[in-house]
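Written below as structure tokens is the structure these notes are about.
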Amino acid sequence: MQALIDESIPTLAKAIATVGIEDSNWTSMIGRSREANLADISLPCFAFAKQLGQSPDSIAQSIVNAVDVESNSAMGEVMASGGYVNIRAATSWLANRLLSPEPLAESEHIMIEHTSANPNGPFHVGRARNAILGDTFVRMYRAAGKKVTAEYYVDDMGKQVGILCWAMENLSETQVNQILESKELLDESSQHSQKADHQRVKWYQAANVLKVEDTSVDEGVTTLVQLSEEANEDVLNRFDAAYQPVLDGMLETLGRMGITFDSFTKESAFIIDGSVEVLMNALEKSELHGTADNGAHYLELESKGIKGKSTKFYYRRGDGSSLYATRDLAYHQWKWTQAEQLINILGEDHKLQSRQVSIALDELNIPTPDVVFYAFTKLADGKMSTRRGNVVYMDDLLDEAQIRAQQVVNEIRSDLDETTIHQISEAVGVSATRFNIARISPEKGITFRWEDALSLDKDSAPFIMYSHARACSIYRRAGDQSLPTSINVDELSPTAIELIRRMAKMQNELNNAIKLSRPNLFCDWLSGMAADYNRFYRENHVITDDGINLQNLLLNELSRDHLRRGCEAVGIIPIEEM
């Protein structure tokens, strides 16, 4: 899109001068057309009306009449509509750009922190949106040519880990089962019940039940947490022994979804290295600094726009210890030593805390990160909670997805062997699960329903995967061929032209989704790409009775490449057979 703008400006400049427009800022007004079916880019003419004493419609038409389209290979059609000059790229220009794409420019190093879930139990669907969105951003940025580090911040010293540690050290399995049975919370129906994260969540849940009735539980947990915040080596080692098997189990589940991390950073690191203490001392010099009656230190944020009961940002307790948010400041300071751009993926319930942390970072002259917030995933009958046990675990969801996909594959591909059917159904199940989350705009909430999560309908991951597999099948059947180095646009059918237009916009759609922090926009492009490819191959045969149509084969190969790269950018597994 930017290339079309750049190519169009010299020709538009001559037309605008002819019309008599003297506004030198007009080039900044050109942008993506609001009517994608009509044009690719548009120039609004409303700002010129006062100068020329004419209506925007009349000005737009005058500019169109003055444009020399024949002199510009990038311009296909130039039209006036609703006060806009609308420009549609020439098919031949788009085709040449597909065959000779511009190399991606080098970029700054980006660190994307996502998931960072408390290691106190298995991944459930409510947690999965952060992981899927985060990994989709990682993939999209990499597809756009960016250098990315996927980061996991390990909460190795908080209350959640403290509860798990206390339970593992004080409760036997018999006690745990009895406690959960008494509250009808014991459920070992999952085939993953012996997996470490599924096992240990029982201790976590049992301790949460017990501490309601026994104050000594809270007292024991509080002692452990306080010692961890003092960087007590013994307690931190005990915490590590309690949570690490859970974290390993969580990462195994994420790995099944194709989600991996490049680095893991422990919260305790910033207590141990002393950076938290340095920052707390620095905050005491802030004009916003205050001290509570109990000796706790805070920043008063009312003057920074924070309202209500949350104007005080506490960063040091009365006993001198730090809080989670304080350690978050040190964590961000460290992250800026690792990358030039930081992106955090957070649930919408973190908006206030994120704003408070940003103000504190400003006071410390530490840059603030970019933050993408997402709305919650809820069960049809309420919010999910690992503590209460009312969750849908991702291990079970992925199993169910694989089973449902296998039923469909068995019906339509009975010719395949059992191993291949399992591989296909696993890929379809995982991809469908991911895509049904990624295709929803982050700010929109999701109510989890099995029929939605495992949809195999059109505009779904399986439909996109089938399109890619179809392109692979045609490629295999065609065999090794010497493909044309150019495209004869005069021989293209309308469906072939639309396919070229769709492919030519891939990088622009990817960059736009990144810019707006909305992966769903690129998911829309990918669904459209699959639909356009399906229309193309139905109407434009590659292999005919007379041989192989090499131009159609070239378009098939371009489609196969775009579908593969698009799938990888959103976490769909681009299998080659379905």
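Each reported figure results from applying straightforward, stated rules to the coordinates on display, with no laboratory input. None of the values given here were measured: they were computed from a predicted structure. Cβ atoms come from the backbone with ideal geometry, glycine included; neighbour counts cover every protein chain shown.
Based on the Kirkwood radius over alpha-carbon pairs, what is the Stokes-Einstein translational diffusion coefficient of the range 409-507 at 25 °C with 0.890 mPa s viscosity, in µm²/s?
Values: Rh = 16.8 Å.
This corresponds to a translational diffusion coefficient of 146 µm²/s.
So how do 59-71, 503-515 stack up, highest first, on mean other-Cβ count within 10 Å?
Working: 59-71: 17.7, 503-515: 19.5.
My ranking of the peptides, most packed first, is 503-515, 59-71.
If you average the sequence gap of Cα pairs under 8 Å that are 6 or more apart and divide by the length of the chain, what percent do you get for the contact order? If you can, show how the numbers build up before the last one.
Values: 910 pairs, mean separation 83.8, N = 578.
Dividing the mean separation by the residue count of the chain yields 14 percent.
Which peptide among 290-297, 475-482, 141-148 comes first, and what is the full order, when sorted by highest mean count of other Cβ atoms within 10 Å? Don't skip to the end; give the middle numbers.
On the way: 290-297: 12.9, 475-482: 10.9, 141-148: 17.6.
In decreasing order of mean packing, 290-297, 475-482, 141-148 become 141-148, 290-297, 475-482.
Please list the radius of gyration and Dmax for the range 2-89, considering alpha-carbon atoms only, with Å as the unit.
In order Rg, Dmax, the Cα atoms of the range 2-89 give 11.6, 33 Å.
How would you rank Ser303, Ser473, going from fewest to most other Cβ atoms within 10 Å of each one's own Cβ? Kindly include the intermediate steps, with their values, before the conclusion.
Numbers: Ser303 10, Ser473 15.
So the residues, fewest neighbours to most, are Ser303, Ser473.
With +1 on each Lys and Arg Cβ and -1 on each Asp and Glu Cβ, how big is the dipole of the chain about its Cα centre, in debye rounded to the nearest 20?
Magnitude of the dipole: close to 1160 debye.
Which percent of Cα-Cα pairs in the chain sits in each 20 Å bin, short to long?
17, 42, 30, 10, 0
Lysines within cross-link reach of Lys147: Cα-Cα under 20 Å, excluding same-chain residues under 8 positions apart?
Partners within reach: Lys335, Lys515.
Long-range amide H contacts for Met75: which residues qualify at under 5 Å (H placed 1.01 Å from N, peptide plane, sequence gap of 5 or more or a different chain)?
Those qualifying (amide H under 5 Å, at least 5 residues apart or on another chain) are Ala90.
Would you kindly work out the equivalent ellipsoid of the range 15-167 from its C-alpha gyration tensor and give its semi-axes, the square roots of five times the eigenvalues, largest first in whole Å? Each step should come with its number before you reach the end.
On the way: eigenvalues 539, 78, 38 Å².
Output for the range 15-167: semi-axes of 52, 20, 14 Å.
Any idea what the alpha-carbon Rg over 2.2 N^0.38 Å comes to for the range 283-366? Spell out each step's value before the answer.
On the way: Rg = 13.1 Å, N = 84, 2.2 N^0.38 = 11.8 Å.
Dividing the Cα radius of gyration by 2.2 N^0.38 Å gives 1.11.
Report, largest value first, the span of the C-alpha coordinates of the range 182-229 along each principal axis, in whole Å.
Taking the Cα atoms of the range 182-229, the three principal extents are 37, 25, 8 Å.
Could you compute the net charge surrounding Arg439? Neighbours are other residues with a C-beta less than 9 Å from the C-beta of Arg439; K and R count +1, D and E count -1. Could the numbers behind the result be given before it?
Details: positive: none; negative: Asp459, Asp524.
That sum, taken over residues with Cβ under 9 Å, equals -2.
Can you list residues whose amide H is under 5 Å from Tyr314's amide H, if they're 5+ apart or on another chain and H is modeled 1.01 Å from N?
Counting only residues 5 or more places away or on other chains, the set is Leu299.
Expressed as a fraction of 2.2 N^0.38 Å, the rule-of-thumb size for a compact globular protein of N residues, what is the C-alpha radius of gyration of the range 394-570?
On the way: Rg = 17.6 Å, N = 177, 2.2 N^0.38 = 15.7 Å.
Against the empirical 2.2 N^0.38 Å value, I get 1.12 for the range 394-570.
Non-local amide H neighbours of Val371 (under 5 Å, H modeled in plane, Pro and chain starts lacking H): which ones?
Amide H to amide H, under 5 Å and 5 or more residues apart or across chains, Val371 pairs with Asn344.
Please compute the contact order of the range 2-89 in relative form: average sequence separation of alpha-carbon pairs under 8 Å and at least six residues apart, divided by the residue count, as a percent.
Numbers: 143 pairs, mean separation 29.4, N = 88.
It comes to 33 percent, rounded to a whole number.
Which residues among the range 198-224 fall inside the zone where the amide N is under 20 Å from a point 7 Å beyond the Cα of Glu400, along Cα→Cβ?
Only 198-199 fall inside the zone, counting backbone N under 20 Å.
Label-point separation (nm) for Lys309 and Met79, each offset 7 Å from Cα along Cα-to-Cβ?
5.8 nm
Show me 249-255, 111-117 ranked by packing, highest mean number of other Cβ atoms within 10 Å first. Mind showing how you got there, number by number?
Details: 249-255: 20.3, 111-117: 23.3.
So the peptides 249-255, 111-117, ranked by packing, come out 111-117, 249-255.
Just going by the charge dipole of the chain, with Lys and Arg at +1 and Asp and Glu at -1 on Cβ, which of Pro494, Val64, Leu301 is farthest out on the positive end?
Sorting the options by dipole projection puts first Val64.
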